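A.B. asks: Submitted below is the structure of interest, expressed as structure tokens.
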Amino acid sequence: MNSLRPTSLHEFVGQPSARRILSVLIAAAKRRGEPVPHLLFSGPAGLGKTSLARIVAAEMGGRLIEVVASGIKNVHDLTGRLLELKPHDVLFLDEIHALPRKIEEVLYPAMEDGIVAVEHHGFNDLMKQIGLGHADKSVATHRLPPFTLVGATTLLGLCTAPLRSRFRQILELQPYSESELAAILAGTGKRLGFPITDEIAVAIARRSRGTARVAVNYLLWYRDVVQGDGGVPTMELVVQAFAMKGIDAHGMTCGDRDYLHRLIEADEPVGVGTLASALGESVETLEASIEPYLLRAGLVERTPRGRVATAKARELLPIEPEDT
């Protein structure tokens, strides 16, 4: 998948506001001989947060060090990552809101003053392990090379105020338009040696829920269907490919349709807990994986009494299994 990612802001499609801001920051940082200031990207999964962090690292001539915040279990885990940084590296902390507060506080002096300060009995062992010698005190500081911290979160509201305040820029990424996704698909198809027509690109884009990652994964699936069939890319195979996965022309899955059907049949507000129980899913799955797209598409509304299906949802269901 990395070979399919854009390698520069010029290649990156969509997110025009974020691209303009990053272009300014990168150009200014290069002229000053400094790292790009610390950045926080927010927005749903699959909108390009990792790709943009990778582009920042490439532009500054550093490495991208990817870390999932939920995998950091103690202060030493994070300190070790910071001490491994080289000049102009980008430390990418995915789902940064998952950092426990005590561990998060390690970032404050690193971001503001470029130092790591740790009070721990095992600090000497850590210093020896990474080849930085011996510290006589239980509290030691180490100056970090110039680096950029890029945080990514799907839940900006769960990031603490002290952490948010230490980022120079907070960039909120938005779902992609159909035309942007079609352009991404056309470019990806060329890189794969699997060119597709504009009509096919639009058809796949329409099903991709405003998400670049979903669009690329759907294109890879479509390529498998075409090549497995031994044929050539056609609209007929688009319909067949998505019918096999239970995805309709609007990008809704079987789970989406079950959710909407229950709301329509209830004909009154339904609590999310009741919906989750009826669908055999967790509340977290509904709120993180199903509802965001349905809310953006104007198919569901949240009310104080529960979720309700909109008039648009009632018009769409039952949905025809294929379009022309």
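A.B. asks: With θ set to phi - 60°, apply the Karplus curve 6.51 cos²θ - 1.76 cosθ + 1.60 along segment 36-48 and write out the HN-Hα couplings as whole Hz, x wherever there is a Gly or Pro.
C.D. replies: With coefficients 6.51, -1.76 and 1.60, one gets 4, x, 4, 10, 10, 9, 10, x, x, 5, x, 9, x Hz.
A.B. asks: Mind scanning Lys30/Lys86; Lys49/Lys312; Lys49/Lys190; Lys30/Lys73; Lys49/Lys73 and naming the pairs with a C-alpha gap bigger than 27 Å?
C.D. replies: Beyond 27 Å: Lys49/Lys312; Lys30/Lys73.
A.B. asks: If amide hydrogens are placed 1.01 Å from N in the peptide plane, which non-local residues have theirs closer than 5 Å to the one on Gly306?
C.D. replies: Sorted by chain and number, the residues that satisfy this come to none at all.
A.B. asks: Quantify, in whole percent, the carbon and sulfur part of the accessible surface of the chain (1.4 Å probe; protein heavy atoms only).
C.D. replies: Answer for the chain: carbon and sulfur cover 50 percent of the accessible area.
A.B. asks: Which GluC sites (Glu not before Pro) in segment 25-96 sit in a loop by DSSP (not H, G, I, E or B) and have at most 14 other Cβ atoms within 10 Å of their own Cβ?
C.D. replies: For GluC sites (Glu not before Pro) across segment 25-96 that sit outside H, G, I, E and B with at most 14 neighbouring Cβ atoms in 10 Å, the list reads Glu84.
A.B. asks: Still on this structure: Using Cα-only point scatterers and the Debye equation, what is log10 of I(q)/I(0) for segment 63-120 at each q in 0.22, 0.31 Å⁻¹, rounded to two decimals?
C.D. replies: -0.88, -1.59
A.B. asks: Report the percentage of all Cα-Cα pairs in segment 1-55 whose separation exceeds 17 Å, rounded to a whole percent.
C.D. replies: Result: 38 percent of Cα pairs exceed 17 Å.
A.B. asks: Based only on the alpha carbon positions, what is the Kirkwood hydrodynamic radius of the chain, in angstrom?
C.D. replies: So the Kirkwood estimate lands at 22.2 Å.
A.B. asks: Measure out, as a whole number of angstrom, how far apart the alpha-carbon centroids of segment 38-115 and segment 242-277 sit.
C.D. replies: Going from one Cα centre to the other spans 36 Å.
A.B. asks: Per residue, how big is the convex hull around the C-alpha atoms of segment 180-324? Give it to me in cubic angstrom, could you?
C.D. replies: It comes to 110 Å³ per residue, whole-number rounded.
A.B. asks: Output wanted: per-residue J couplings in Hz (rounded whole) for segment 227-234, from phi through Karplus 6.51 cos²θ - 1.76 cosθ + 1.60, θ = phi - 60°, x for Gly and Pro.
C.D. replies: Taking θ as phi minus 60°, the curve returns 6, x, 7, x, x, 10, x, 9 Hz for segment 227-234.
A.B. asks: Taking only the C-alpha atoms, wrap a convex hull around segment 238-313 and report its volume per residue in Å³ as a whole number.
C.D. replies: 93 Å³
A.B. asks: How much mean residue ellipticity at 222 nm does the chain get from its helices, if each DSSP H run of length 4 or more adds -39500 (n - 2.57) and you divide by all residues, to the nearest 500 deg cm²/dmol?
C.D. replies: The helix contribution divided over the chain gives -13000 deg cm²/dmol.
The values are calculated or read from the model by the stated rules, or taken from the named source; none is laboratory data. Please read all numbers here as calculations on a predicted model, not as lab measurements. Cβ sites come from the backbone with ideal geometry, for glycine too, and all protein chains shown count toward neighbours. For the accessible areas, the whole protein counts, side chains as well, though only heavy atoms, and no ligand, DNA or RNA atoms are used. Shrake-Rupley method; radii C 1.70, N 1.55, O 1.52, S 1.80 Å.
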